[in-house]
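Below: one structure, written as structure tokens.
The values are calculated or read from the model by the stated rules, or taken from the named source; none is laboratory data. Here the structure is a predicted model, which means the values were calculated and not measured. Every residue, glycine among them, receives a Cβ derived from its backbone with ideal geometry; neighbour counts consider all protein chains shown.
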Amino acid sequence: MAEIILLIILYTSIIISAKDCVPRNFGDDSNVCVCNATYCDSVILQLPHNRQFRIYESSKSGQRLQSRLDYFDTMMENDIKLYLQLEKKYQTIHGFGGAFTDSAGINIKSLSNSTQEKLLQSYFDEGGSKYNLGRVPVGGTDFSTRPYTLDDTPEDISLKNFSLTKEDTDYKIPFMKRALEMNNELNFIAASWTAPPWMKTNNNYTGFLGFLKQQHYQIYAEYLVKFLELYKIRGLKIWAISTGNEPANAFVPELVKFNDMGWTPNTVTPWVINNLGPTINNSTSNETIILALDDQRFDLPWYIQAMYEYSNEIDKYIAGIATHWYMDNYFSIDLYDRTHSAFPNKFLLMTEACTGSASWDIPKVRLGSWQRGERYITSIIDVKLIFFNFISI
């Protein structure tokens, strides 16, 4: 794919370049746009005129959202006609976004204050991508510099030692608040990679077959709600929380090098019905919705079907289904279609995607990699006909 063309047509918002890209090549197969303390390319939002459309073009050779204005001509008799079935609707587009991980915050904070501002503007501001979704981990992730949760005191069943960490106060919250100031339509999605080790069967942050002990089901629900409430006090209302990041990892011995905790449909369902759902509903964060799964496409639709087979009562607690992209090359996109057909009142949301994470991806960071850019855009094109929501990390 040598070029990407975005076509935005009549009666939709169009974007007009305000500041051009300043290209720089770092030895990969394409250029990057320079963004520093004093300059960053930007766009502005305007409405198109009648019968106009604007084409945006980015290319491997260096074009970056270069636009040209054109007009709809009177249709000729032998032209191809496209008929839109406007009455056939699937789900609301919730948007696009990124993740407020501690590792992202560490890197952002290494920049000067003015460069930090330009960077955040390029993602969240009116003149940038205007991301409106932001995923925030509850505790540590596989990208964290250390394993941690928000209550690592053994057997603290009263959660009296629960507290936000330096990672929250220094690397997540400040950038979330600034992003929210830039875009007040920004919605935050929380996800926990694991419960504290003392709540788990293997007493570890990670590990093969590590599950939540049944006697700690309610305590863990209270742990997650404490997170929601402490963030809300700081002006950060969490729109959604998932049942847990990638529960299938606990069943794969090779994937036990980072925070994870396993769930099956028969364990997560009663936990949501009896613990997480009611605890959220009875809290000051009772507007926070719950997303099921938060794992790969291969779990669709059977995982959700199994949850409903356990108890139909789950229907009143989950609002959507979260998915990741890492196994998409091996499993058909038809799985999304089948899931939507089976559960049309539950929206689908892709909550995680990143390149460079595989062991064979060397180097991890490739400035100007057109190949990695293609992976993102083809994934978005691939899934947009189904649910058109996307979060990258």
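For segment 51-59, the condition holds for no residue, the condition being that it is surrounded by 13 or more Cβ atoms within 10 Å (Cβ to Cβ), modelled with pLDDT under 70, assigned to a strand (DSSP E or B) and not assigned by TED's automatic domain parsing to the domain that holds residue 117.
Let's see how each residue does on (1) at negative phi; (2) of a type in the set (Ser, Thr, Tyr); (3) in contact with a Pro (Cβ under 9 Å, 6 or more places away or on another chain):
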position: 25; (1), (2), (3): yes, no, no
position: 49; (1), (2), (3): yes, no, no
position: 60; (1), (2), (3): yes, no, no
position: 65; (1), (2), (3): no, no, no
position: 71; (1), (2), (3): yes, yes, no
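Of the numbered criteria (1) touching a residue at least 40 places away in the same chain (Cβ under 8 Å); (2) not aromatic (Phe, Trp, Tyr); (3) not in a loop (DSSP other than H, G, I, E, B), the one residue 366 fails is (3). Would segment 55-70 turn up any residue that is in contact with a helix residue (DSSP H, G or I) (Cβ under 6 Å, 6 or more places away or on another chain) and not aromatic (Phe, Trp, Tyr)? Within segment 55-70, one or more residues are in contact with a helix residue (DSSP H, G or I) (Cβ under 6 Å, 6 or more places away or on another chain) and not aromatic (Phe, Trp, Tyr). Scan segment 260-271 and give yes if some residue there is free of Cβ contacts under 8 Å to residues at least 12 places away in the same chain and closer than 19 Å to residue 342 by Cα, otherwise no. The answer is no, given that none of the residues of segment 260-271 is free of Cβ contacts under 8 Å to residues at least 12 places away in the same chain and closer than 19 Å to residue 342 by Cα.
Contact annotation: residue pairs with Cβ atoms under 7 Å, 6 or more positions apart or on different chains, pairing a residue in segment 143-167 that is assigned by TED's automatic domain parsing to the domain that holds residue 190 with a partner that is of a type in the set (Val, Ile, Thr), are 143/101; 148/165; 149/194; 150/138; 150/165; 157/219; 159/219; 161/153. Return the residues of segment 60-98 that are surrounded by 10 or more Cβ atoms within 10 Å (Cβ to Cβ) and among the acidic types (Asp, Glu); say none if nothing qualifies. 70 - this is the single residue of segment 60-98 that is surrounded by 10 or more Cβ atoms within 10 Å (Cβ to Cβ) and among the acidic types (Asp, Glu). Taken as a whole, segment 352-371 holds at least one residue that is closer than 24 Å to residue 212 by Cβ, modelled with pLDDT of 95 or more and within 20 Å of the chain's Cα centre (by Cα). Checking 357, 311 one by one, the residue that is surrounded by fewer than 20 Cβ atoms within 10 Å (Cβ to Cβ) and over 21 Å from residue 249 (Cα atoms) is 311 and no other.
Inside segment 113-143, residues that are surrounded by fewer than 20 Cβ atoms within 10 Å (Cβ to Cβ), touching a Phe, Trp or Tyr at 6+ places or on another chain (Cβ under 9 Å) and hydroxyl-bearing (Ser, Thr, Tyr) make up a count of 2. Does residue 142 qualify as being at pLDDT below 95 and more than 18 Å from the chain's Cα centre (by Cα)? So residue 142 does not fit the description; no. Of the residues contained in segment 181-195, one or more are found to be assigned to a helix (DSSP H, G or I) and either surrounded by fewer than 18 Cβ atoms within 10 Å (Cβ to Cβ) or under 19 Å from the mean Cα position of the chain (by Cα) (or both). Would you please name the residue that is nearest to the chain's Cα centre (by Cα), looking only at residues in segment 33-50 that are farther than 25 Å from residue 120 by Cβ and loosely packed, with under 12 Cβ neighbours inside 10 Å? The selected residue is 47.
Just checking, which of 339, 279, 323 is free of Cβ contacts under 8 Å to residues at least 40 places away in the same chain, among the polar types (S, T, N, Q) and under 30 Å from residue 147 (Cβ atoms)? Explain how you work it out, then say what you get.
Details: 339 fails: under 30 Å from residue 147 (Cβ atoms); 279 fails: free of Cβ contacts under 8 Å to residues at least 40 places away in the same chain.
Going through 339, 279, 323 in turn, the sole match is 323.
Residues satisfying the criterion are present in segment 190-206 (criterion: at pLDDT below 95 and under 16 Å from residue 256 (Cα atoms)).
Residues of segment 317-339 that are outside any helix (DSSP H, G or I) and closer than 26 Å to residue 360 by Cβ: 323, 324, 325, 326, 327, 331, 332, 333. Looking across segment 201-216, the residues that are over 26 Å from the mean Cα position of the chain (by Cα) and outside any loop (DSSP other than H, G, I, E, B) come down to 214, 215, 216.
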